[in-house]
Each structure stands twice: as C-alpha cells, then as structure tokens.
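Undergrad: One structure coming up, written as structure tokens, with questions to follow.
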Amino acid sequence: MTASIEISNVSKRYGSMTVLDGLSLSIKANEFMVFLGPSGCGKSTLLRMIAGLESVDEGTISINGERIDTLPPGQRDIAMVFQSYALYPHMTVADNMAFGLRNIAVPADVISARVAEAARMLEIGHLLERKPGQLSGGQRQRVAIGRAIVKEPKAFLFDEPLSNLDAALRVRTRVELAQLRNRVQSTMIFVTHDQIEAMTLADRIVVMNNRKIEQIGAPMEIYSRPASRFVATFVGSPTMNFLDVGLSERNGFVSARLPDGTELQTAIRAAGIGAGEHALGIRAEAVKIATGVPATTTGKVDVLERLGDRTLLYTRLKDGSTVVAEDIGNSRVTIGDEVGLTLDGSRTHLFDGEGHAWHNEEAGHG
C-alpha cells in the first residue's frame with residue numbers, strides 16, 4: 001500500500017526561532033519527492049515532522065486522508081533511512097533487517113521471506129551473514145534501506161542517506177537508488193542539499209530556503225524555469241550568470257541593456273514588468289564563443305575550467321562584470337584571450353529587485 005501525503009500550513013518553532021513557517025505541500029502516491037535546499041532551511045525538520053520525530057506546532061499532516069501528526073511514530077506506517085545508517089554492530093545483516101519485524105511479533109516465515117526479497121532487490125543476498133563492520137559504506141547503506149523495505153511501509157523517508165559516502169561511492173549509490181526506485185513501488189521522500197541527487201532521483205523537487213518553499217516542480221522545470229533568483233542560483237552548475245540591466249520594450253518584448261552598454265533582445269514579454277532594478281539571468285550553455293556569427297559582446301578570459309566534454313570560460317566584460325561561457329571540450333581558447341561572446345536572448349530570465357522571476361514565454365512570475 002502506498003500513500004499520498006498532505007501537509008497543510010505546517011509551522012515549527014524552537015522558542016522564539018521559527019524553523020518552518022506555514023508550509024503546504026501535496027505528495028502523490030508512488031511519487032519520489034526530493035526536499036532540496038541549503039543547510040538550515042528546514043528540510044530535515046519537515047521530514048522528521050512527517051516521521052513523528054518532531055512535533056507540529058501549527059497545521060496538519062495527513063496520509064491517505066487520515067491525520068497522522070497526532071500519532072506516535074510507530075503508528076504512522078512510515079520507514080525512515082537515516083544519514084548514520086544506525087545498524088546494530090553485533091548483529092548480522094539478516095538480523096539487522098529482521099529486528100524491527102521481530103519486535104512487533106511478525107511470524108518468522110514472513111520475516112524470512114521479506115528479508116530474502118529485500119536482499120534480492122538490493123543485491124546483498126551474499127552479505128546476509130556478515131556484520132556491519134565487515135561491510136563497505138555503500139553496503140551498510142543498502143542494509144539500512146533493506147531494513148526499511150522489509151517493513152512494507154506506506155512511505156519511505158530518506159534523510160541525506162548518501163552524505164557519509166565518499167565521492168565515487170556516492171555516485172554509485174545514487175545510481176543504485178534510482179534503480180531501486182523502479183523496483184519498489186512506494187511513496188518516497190528524500191532530503192538532500194546536493195542538486196545532482198535531486199535532479200537524478202526526483203519526480204518532483206521541493207526547493208526550500210529560509211523557512212519556506214521557493215518552488216515545486218519536475219527537475220527540468222526547476223532548472224529551466226526557476227521561480228526565483230535563489231532557485232536559479234542554487235540549481236545548476238555553474239550557477240546562472242546574473243547581469244544588472246536596464247530595460248526597454250521592443251515589439252512587445254524586453255530589450256536588455258547589459259552593463260557594458262550592449263543591447264540584447266529577449267523573448268520575455270514586456271507587458272506587466274514594472275520599474276525598478278532588474279537582473280538578467282542566463283546559463284553558461286546559452287553563452288557561446290562567437291565563431292562565424294556576430295558577437296553580442298566581448299570579454300577577456302580569466303579562468304578556464306576543462307571538464308572533458310565541455311570547457312567553461314570565466315570571462316570579464318569591459319565594465320568588470322563576469323560571465324561564464326561554454327565552449328567545446330577541446331577548446332583552443334587560452335587565459336588572457338579576448339573573445340567574442342554570443343548570448344542567446346531566447347534563453348534568458350529576468351529577476352526583479354525582490355528576486356522574483358519573469359520568463360520567456362509570457363508575462364507573469366514563474
């Protein structure tokens with residue numbers, strides 16, 4: 001059985017400090033939802049409130065239409081996978097996975113069947129007689145996930161489960177989790193500050209910042225149409241380029257005057273955009289070296305970042321503004337070169353003084 005989860009106007013305070021402020025969120029049955037945000041934004045606190053490890057000061061949390069925020073953790077039918085694994089070192093892998101079921105007097109034959117099936121899913125059948133000290137970090141994490149799977153809960157909660165792994169193992173385990181997602185049909189909520197994990201695993205991402213939700217959307221929606229300057233900064237590597245611009249209207253669309261005086265025609269409708277300060281946002285892949293085409297502007301290359309399949313060029317415009325551009329992997333550009341840059345005006349974003357986004361399809365905030 002899977003769960004739809006409804007979070008309605010939930011707030012959390014510690015004394016005079018507000019950690020979450022009136023959050024509302026609907027999670028669909030069988031959805032893999034990722035809470036993404038910087039440290040201290042409240043994402044783990046929200047996860048722990050769903051699990052029952054933190055109390056709810058205001059609002060309600062419901063599963064399949066039934067309120068659960070007043071129930072103790074053991075009655076919520078939720079399994080949680082912690083950052084620290086929390087395995088019993090003196091028990092075998094099989095016993096670690098079975099321990100919770102034995103505590104609630106599940107019949108031995110049912111326990112054996114569930115442990116065997118979870119071990120098959122996670123490809124750890126050959127490890128069942130080992131103890132945690134004999135396992136790698138990735139194997140221990142799979143055991144912790146297996147311990148959650150055998151409970152057959154309505155929902156799985158993952159609290160930064162990959163953060164203790166080294167870089168290479170983290171990549172492998174992330175792929176394993178994505179594969180596991182296809183084998184285990186259940187509602188899953190995953191907390192991370194790593195945008196790659198979020199973009200790889202999520203059906204939808206909840207971007208959180210400063211006690212509130214900034215945006216909810218599918219991974220490429222979050223990337224391509226960020227609702228705020230914070231989202232545009234936090235999601236994507238390298239971060240989006242931002243240039244303070246002056247605005248004018250041309251044929252119903254925004255024409256942006258870059259800091260060096262260059263005019264860039266955008267696909268953002270001008271209607272409804274008010275006065276005040278604005279920043280133009282453009283990702284590195286929309287800024288290319290001008291080869292055989294007119295350059296939008298020119299810049300001096302300060303830093304080259306060679307990534308194999310592409311090269312990032314950190315360039316400085318005449319006014320001192322920095323723009324990161326993208327070139328081919330085998331780029332022949334060298335540090336100190338003066339290069340022409342072509343900015344794709346159809347792939348720009350506009351942010352007002354409060355950080356709200358205007359996009360390139362129709363007037364209105366994202």
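Undergrad: Are any residues in region 351-360 part of a loop (DSSP other than H, G, I, E, B), in contact (Cβ under 8 Å) with a residue 12 or more places away in the chain and surrounded by fewer than 15 Cβ atoms within 10 Å (Cβ to Cβ), and if so, which ones?
TA: Gly353, the sole residue that qualifies.
Undergrad: From the list Gly40, Gly22, Gly74, Gly65, exactly one residue is within 30 Å of Gly236 (Cβ to Cβ), surrounded by fewer than 17 Cβ atoms within 10 Å (Cβ to Cβ) and more than 20 Å from the chain's Cα centre (by Cα). Which is it?
TA: None of the other options fit; the residue is Gly22.
Undergrad: Take the conditions assigned by TED's automatic domain parsing to the domain that holds Ala270, in contact (Cβ under 8 Å) with a residue 60 or more places away in the chain, crowded, with 17+ Cβ neighbours inside 10 Å and not small (Gly, Ala, Ser) and apply them to Ile289. Does it pass?
TA: Judged against the criteria, Ile289 is not a match.
Undergrad: Okay, moving on. What tally of residues in region 117-145 results from selecting those that are in a helix (DSSP H, G or I), touching a residue at least 40 places away in the same chain (Cβ under 8 Å), aliphatic (A, V, I, L, M) and buried (at least 18 other Cβ atoms within 10 Å of the Cβ)?
TA: Of the residues in region 117-145, 4 are in a helix (DSSP H, G or I), touching a residue at least 40 places away in the same chain (Cβ under 8 Å), aliphatic (A, V, I, L, M) and buried (at least 18 other Cβ atoms within 10 Å of the Cβ).
Undergrad: Would you confirm, using the coordinates I've provided, whether Val150 is assigned by TED's automatic domain parsing to the domain that holds Gly52, under 21 Å from Ala51 (Cα atoms), under 15 Å from the mean Cα position of the chain (by Cα) and among the β-branched types (Val, Ile, Thr)?
TA: Criteria not met by Val150.
Undergrad: Also: Could you check Ser255 against (1) modelled with pLDDT of 95 or more; (2) farther than 30 Å from Lys151 by Cβ and say which number it fails?
TA: (1)
Undergrad: Tell me whether region 42-58 contains one or more residues that are in a strand (DSSP E or B), at pLDDT 90 or above, of a type outside the set (Phe, Trp, Tyr) and in the same structural domain as Glu221 (by TED's automatic domain parsing).
TA: Yes, because at least one residue in region 42-58 is in a strand (DSSP E or B), at pLDDT 90 or above, of a type outside the set (Phe, Trp, Tyr) and in the same structural domain as Glu221 (by TED's automatic domain parsing).
Undergrad: Working only within region 315-350, note down all residues that are among the small types (Gly, Ala, Ser), within 24 Å of Glu249 (Cα to Cα) and surrounded by 14 or more Cβ atoms within 10 Å (Cβ to Cβ).
TA: Ser321, Gly345 - these are the residues of region 315-350 that are among the small types (Gly, Ala, Ser), within 24 Å of Glu249 (Cα to Cα) and surrounded by 14 or more Cβ atoms within 10 Å (Cβ to Cβ).
Undergrad: Among the residues of region 191-223, write down those that are touching a Cys at 6+ places or on another chain (Cβ under 9 Å), more than 14 Å from Phe234 (Cα to Cα) and assigned to a strand (DSSP E or B).
TA: Hit for region 191-223 is Lys212, nothing else.
Undergrad: Restricting to region 304-350, what's the tally of residues that are within 13 Å of Ala286 (Cβ to Cβ), under 25 Å from the mean Cα position of the chain (by Cα) and not in a strand (DSSP E or B)?
TA: Going through region 304-350 one residue at a time, the tally reaches 1.
Undergrad: Whether any residue in region 293-302 is under 29 Å from the mean Cα position of the chain (by Cα) and among the basic types (Lys, Arg) is what I want to check.
TA: Among the residues of region 293-302, not one is under 29 Å from the mean Cα position of the chain (by Cα) and among the basic types (Lys, Arg), which makes the answer no.
Undergrad: Kindly indicate whether Ala267 is under 30 Å from Ser39 (Cα atoms) and outside the structural domain of Met33 (by TED's automatic domain parsing).
TA: Considered against the rule, which asks whether it is under 30 Å from Ser39 (Cα atoms) and outside the structural domain of Met33 (by TED's automatic domain parsing), Ala267 comes out as no.
Undergrad: Test each condition in (1) in a loop (DSSP other than H, G, I, E, B); (2) modelled with pLDDT of 95 or more for Thr239 and report the one that comes out false.
TA: Unmet condition: (2).
Results for (1) basic (Lys, Arg); (2) at pLDDT 90 or above, shown as yes or no for each residue.
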{"residue": "Met80", "(1), (2)": "no, no"}
{"residue": "Gln83", "(1), (2)": "no, no"}
{"residue": "His90", "(1), (2)": "no, yes"}
{"residue": "Asn96", "(1), (2)": "no, yes"}
{"residue": "Gly100", "(1), (2)": "no, no"}
{"residue": "Val110", "(1), (2)": "no, yes"}
{"residue": "Val115", "(1), (2)": "no, yes"}
{"residue": "Arg120", "(1), (2)": "yes, no"}
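Undergrad: Would you please name the residue that is nearest to Asn210 (Cα to Cα), looking only at residues in region 8-29 that are touching a residue at least 24 places away in the same chain (Cβ under 8 Å) and not in a strand (DSSP E or B)?
TA: In this case the residue turns out to be Lys28.
To keep it simple, each residue is scored yes or no on (1) touching a helix residue (DSSP H, G or I) at 6+ places or on another chain (Cβ under 7 Å); (2) within 20 Å of Met188 (Cα to Cα).
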{"residue": "Ser4", "(1), (2)": "no, yes"}
{"residue": "Ser8", "(1), (2)": "no, yes"}
{"residue": "Arg13", "(1), (2)": "no, no"}
{"residue": "Ser16", "(1), (2)": "no, no"}
{"residue": "Asp21", "(1), (2)": "no, no"}
{"residue": "Ala29", "(1), (2)": "no, yes"}
{"residue": "Val34", "(1), (2)": "yes, yes"}
{"residue": "Ser39", "(1), (2)": "no, no"}
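Undergrad: Can you tell me how many residues within region 258-268 are modelled with pLDDT under 90 and among the charged types (D, E, K, R)?
TA: The number of residues fulfilling the criteria is 1.
Undergrad: Keeping to region 83-116, report how many residues are surrounded by 15 or more Cβ atoms within 10 Å (Cβ to Cβ), free of Cβ contacts under 8 Å to residues at least 12 places away in the same chain and of a type in the set (D, E, K, R).
TA: Number satisfying all stated conditions: 1.
The values are calculated or read from the model by the stated rules, or taken from the named source; none is laboratory data. Note that the structure is a prediction, hence the values are computed from the model and not measured. Every residue, glycine as well, gets a Cβ built from its backbone with ideal geometry; the counts of neighbours run over all protein chains shown.
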